[in-house]
There are 2 protein chains.
Amino acid sequence: MLVSDIVEYGARKHPDRIALRFEDETVSYGELRDRSRRLANALLDVAAPGDRVAILSTNCTEYFDCYYGVPMAGMALTILNYRLHAEQIVALVEHSGATVLVVEKEFAELVDGIRDRIPDVRTVVVIGGSGAATSWDSFVGGASAELPSVLPTADDIAWMVYTSGTTGMPKGVMLSHRNLVSGITSSALQWALPEGTVFLFCFPLCHVGGYVTLLNHLMGSTVGILRAYDNATFLRLVEEWKVTQTGLAPTMINFLLQDPALDDHDLGTLEAIGYGSSAIPAPVLREGLERLGCDFYQGMGMTELAGNVLHFDQEAHRRAANGETGLLAAAGKPMRLANIRVVDDELADVPVGQIGEMIVRCDQVMAGYWRDPEATAAAFTDGWFHTGDLVRQDDEGFVYIVDRKKDLIISGGENVASLTVEQALYRHPGVAEAAAIGVKDDTWGEIVCAVVVLRDGATATAEDIVATCREQLGGFQVPRRVEFVETLPKNVTGKILKRDLRDRFSPAPPDRPQPLRLTPPPPHVATCGDQSGPRVPPSLTRTTEQP
Amino acid sequence: MLVSDIVEYGARKHPDRIALRFEDETVSYGELRDRSRRLANALLDVAAPGDRVAILSTNCTEYFDCYYGVPMAGMALTILNYRLHAEQIVALVEHSGATVLVVEKEFAELVDGIRDRIPDVRTVVVIGGSGAATSWDSFVGGASAELPSVLPTADDIAWMVYTSGTTGMPKGVMLSHRNLVSGITSSALQWALPEGTVFLFCFPLCHVGGYVTLLNHLMGSTVGILRAYDNATFLRLVEEWKVTQTGLAPTMINFLLQDPALDDHDLGTLEAIGYGSSAIPAPVLREGLERLGCDFYQGMGMTELAGNVLHFDQEAHRRAANGETGLLAAAGKPMRLANIRVVDDELADVPVGQIGEMIVRCDQVMAGYWRDPEATAAAFTDGWFHTGDLVRQDDEGFVYIVDRKKDLIISGGENVASLTVEQALYRHPGVAEAAAIGVKDDTWGEIVCAVVVLRDGATATAEDIVATCREQLGGFQVPRRVEFVETLPKNVTGKILKRDLRDRFSPAPPDRPQPLRLTPPPPHVATCGDQSGPRVPPSLTRTTEQP
């Protein structure tokens, strides 16, 4: 089965059903199939199977022609984050070797400016464009709506998604048709997406999380997409489109619950909300269950896994809301098509309750990193993919993510999970953002260093921060050093770049006394991004930020 | 993903959960995995990947070691119907070229008698055996419970299932790991098999329908199996094992509803019954919904499709019970992973409502017929598999099976569906069994010939039969010839062999005047099989008789 078969099968079963809603536009399954085929045929005139076709665009319905049509032509859709800098785009397009670049009109000028630095690109197609450049309409307008006569195999690369690069240079994750279809089918087995589902997708499509829209198409849902999320649009569209399911991040759910406009809208059609990115705080869950009157489920995955491998189901959420709040620290149980082990450094299974790395081996694990055989080789042992996540599993099978393997701090022989320290830091009312890192230390090997951004007007001292931690943490987990900064370095998807913090603070400059160096808070603390929302540790953010 | 991964993944997720119940025996997921691995390793000592391993056995837990362990060793499990004659077994084992034969103790003597005629078989393993032959226990006893170091690919053949041969010599249907996993996943997406499902499987495992047990294992169910079905055992085990779902044929559901013992049992745990083989009569459905208090769903597939491609869901059953009884003539809608077209002889799609052949192209379509490249080539056009089923699809997407293509009668240029005629014949109270066939005719091309078995004591004449048909059928559909017989020729799974009837009655012997020849009913009419049950046209029986 190919990625494009999702729309092929759907169009055969229910050609007139609405596949997409976007603003005032609707696209039926039959139309989406024809559009995808036209794009595939147009591409086959200017490029060859095996080529990469990059896309730089905000959300629009043409994104779906690309989701399906590029792989249908046997080419790999190279998904670029439109929030990248021009320099980063040059680097990724060059690295991908894309021969075709699809850009939305608003990015056309940016692309003009870098055109001579991406010589592999022979064709630029501008969505919404006209004039000198090839416009989307003219590109696909004359193309046939017949299925191309030669189709790729399921092992060919369908999508190439660049990782956000929190641990180094962005890597091009090659996802074959089989990887994506397997990831989609796996989620389809866990989610309840009944006939008649209207799913509102609230995230950018330039992310592996867009697979959720394909999953909905496999199940015959109508998918609504937003240009950009805001509460007002969301509330209006849930009513207007009679939305039955949606995906939101816990922070978004919290914003929604705090919005007085919520009470002016009838969300009675809403049956379930899927979320990802991070754990949901128990009070938010309880209020959500009560005021939104719908179920909640959670998925956890990675770009390299073409979707999710852990699922935290509706029933478990009800248990959590009814007192078992500890469950909310779990990311879920292994999904039915996922094959997961928790192992030590020698790849031996660790006992239940013990911490080990989660490794995965199944059809949804990526084909490899593009043009990076070393990174690919390093990511696998005997066919098992190293997630780099340190987890423990309880006797019910719930998997709790303890830390990223590279972010684990080892101090005096004790393992300190940076997430644990960060959760303690966030409980200080003055802390806007925080990261815990390990910095080299002659005595302890590493010591825990807290890097903190204070809220506007907050005046906490390092001692205050440490005192808050002491109330919650074991002695070995308490930061022995606190650094106040104005902003935390982040990648384009908002993930904190801990390796940059480690480079900056470890080893400590010789003029800074060890082991406890407390920098004074800066006089003015600029917050990074919108800090008015709930304080969820950003480092809980997963590589895959999908619902 | 391999067929054996179903038990591998399950054992990793919940090793102590019960995978199988059989009489007093229980087998956990962990034990089933270990047993399957032991069998795989034992087989690799006596045979090579690519070999066929045949099994001749009634239901037992060792069947599952074979379901999973034979494919794990890269060998093809060749499933033999234990109700075959010795001569048929010789023919199939020889045709398969199996090098290993697993037999249940009660068939050991039969195998001894044919041993010199199946020279390819180097190893015979006897389940429950001891003495001279290799016993199952000694065969697997010393084998390792580690995963074999070399595993097959998903495109290797996992199961080989001989078709029942209603249309010619039995053919060995080669099902790859991918075919089976796809068929299983497809059904998993349509059925509701929630966590905690206890599924009672009531059919012989020597049939492609056994895939239902693997589907349940994929979903983490506990599967109960029976040595042989009878109402009393069924009712006892539903209570004892707290069965939540089961699969039954409509005739079995009717027997159950007619059984006074039903009222003595608490079937409160039963949530849903899946059925197949044939349509369910509306009164049976309504009574079932009311007295069994559970949902119904139906699947339709074929051996060559590694499971089902049409699904008739719970909601549609409720609609049918609430007045839309016409729906019950449908076999269901195309499943989400199934890709179906309804086409004319030139393979062009026919309009909605028109009759055409159902063709299928997706991952679950068989790899081919074993050692039969001609039959394989004939079964496919451009990758599309010809089901040989004539169907029409309504505007909701429901597929109605009109007839087997080969059983369609073309009389005076008009298509006559044999099923339509048979349904009319069965409404005559004296008819125990009936088949409608086309026989050659110089004027009309073919005429409709009814072949009828009367009930014990019934005395209907040919004119009576024709009169009953005239009340229900168009003139061109009314049989112009009626033949009374004592029994109808059937294959081992009970399907009527219409080609034998055609051979016997067409062309009519020269001494029989055409076009209307009415043979007198035989003085004593022996019924074929148990006719005390509801009269469901046997020709509705599908190649795949699973729930």
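The values are calculated or read from the model by the stated rules, or taken from the named source; none is laboratory data. Note that the structure is a prediction, hence the values are computed from the model and not measured. All Cβ positions, even for glycine, are placed from backbone atoms using ideal geometry, and neighbour counts span all protein chains on display. When the accessible area is computed, the model is the full protein with side chains, heavy atoms only, and any ligands, DNA or RNA have been set aside. Shrake-Rupley method; radii C 1.70, N 1.55, O 1.52, S 1.80 Å.
Numbers for the structure displayed
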| read-out | value |
| --- | --- |
| Radius ratio Rg over Rh of region A:262-335, counting only Cα atoms, Kirkwood formula for Rh | 1.00 |
| Taking chain A and dividing mean pair separation by its residue count, relative contact order in percent (alpha carbons under 8 Å, at least six apart) | 12 |
| Cα-Cα P(r), region A:173-223, percent of pairs per 5 Å interval | 5, 21, 30, 25, 15, 4, 1 |
| Cα-based Rg and Dmax for region A:359-481, where Dmax is the largest Cα-Cα distance (Å) | 18.0, 53 |
| Förster-model FRET efficiency, 56 Å R0, B:R427 and B:S144, C-beta, rounded to 0.05 | 0.35 |
| Volume per residue of the C-alpha convex hull in the protein assembly as shown, rounded to whole Å³ | 193 |
| In region B:201-242, the trypsin sites (Lys or Arg not before Pro) that fall in loop regions by DSSP, at most 15 other Cβ within 10 Å | B:R227, B:K242 |
| D_trans [Stokes-Einstein, Kirkwood Rh over alpha-carbon pairs] for region A:11-51, 25 °C, 0.890 mPa s, µm² s⁻¹ | 216 |
| Residues whose placed amide H lies under 5 Å from that of B:E433, excluding near-sequence neighbours | B:V453 |
| Overall Cα dimensions of region B:52-93, principal axis frame, Å, largest first | 30, 21, 7 |
| Accessible area of region A:26-152 divided out per residue, in Å², using a probe of 1.4 angstrom | 38 |
| Considering only region A:169-308, percent of DSSP beta bridges that pair antiparallel, nearest 5 | 10 |
| Diffusion coefficient, µm² s⁻¹, Stokes-Einstein with Kirkwood Rh over alpha-carbon pairs of region A:312-411 at 37 °C and 0.692 mPa s | 222 |
| Summed buried accessible surface, chains B and A, 1.4 Å probe, nearest 100 Å² | 2200 |
| Nm distances between copies for B:T376, ranked from closest, using label points 7 Å along Cα→Cβ | 3.0 |
| Stokes-Einstein D (µm²/s) once Rh is taken as the Kirkwood radius of region B:104-183 over alpha-carbon pairs, at 25 °C in 0.890 mPa s | 155 |
| Residues in region B:203-249 that, when all protein chains are in place, have 40 Å² or more less accessible area than the chain alone would give (probe 1.4 Å) | B:L218, B:M219 |
| log₁₀ of I(q)/I(0) at q = 0.25 Å⁻¹ - region B:387-437, Debye sum with one point per alpha carbon | -0.96 |
| Share of Cα-Cα pairs in region A:26-152 lying beyond 19 Å, as whole percent | 43 |
| Fraction of the pair-distance distribution of chain A above 44 Å, Cα-Cα pairs, percent | 16 |
| Accessible surface of the protein assembly as shown, 1.4 Å probe, proportion on carbon and sulfur as whole % | 48 |
| From the C-alpha gyration tensor of region A:143-273, square roots of 5λ in Å | 31, 20, 14 |
| Calculated P(r) of region A:201-308 - Cα pairs past 25 Å, % | 17 |
| Cβ-vector label at 7 Å, A:T461, separations to other copies in nm | 11.7 |
| B:A467 versus B:R83: modelled label distance in nm, points set 7 Å from Cα along the beta carbon direction | 3.7 |
| Computed label-point distance, nm, for sites A:E396 and A:T376 using a 7 Å Cα→Cβ extension | 4.1 |
| Estimated distance in nm for a label pair at B:D155 and A:N322, the labels positioned 7 Å out from Cα along Cα-to-Cβ | 5.0 |
| Quarter of Cα convex hull surface for region B:422-484, i.e. mean projection, nm² | 3.9 |
| Chain B: antiparallel DSSP beta bridges as a percent of all, rounded to 5 | 55 |
| Antiparallel DSSP beta bridges within the protein assembly as shown, as percent of all bridges there, nearest 5 | 55 |
| Computed helical MRE - 222 nm, chain A, DSSP H runs ≥ 4 contributing -39500 (n - 2.57), nearest 500 | -8000 deg cm²/dmol |
| Shortest-first distances to equivalent copies, position B:P194, nm, label 7 Å out along Cβ | 1.2 |
| Loop-located GluC sites (Glu not before Pro) in region B:265-359 whose Cβ has at most 16 other Cβ within 10 Å (DSSP) | B:E324, B:E346 |
| Distance violations [Cα-Cα > 31 Å] among A:K242/B:K333; B:K13/B:K105; B:K13/B:K333; B:K105/B:K490; A:K171/A:K440 | B:K13/B:K105; B:K13/B:K333 |
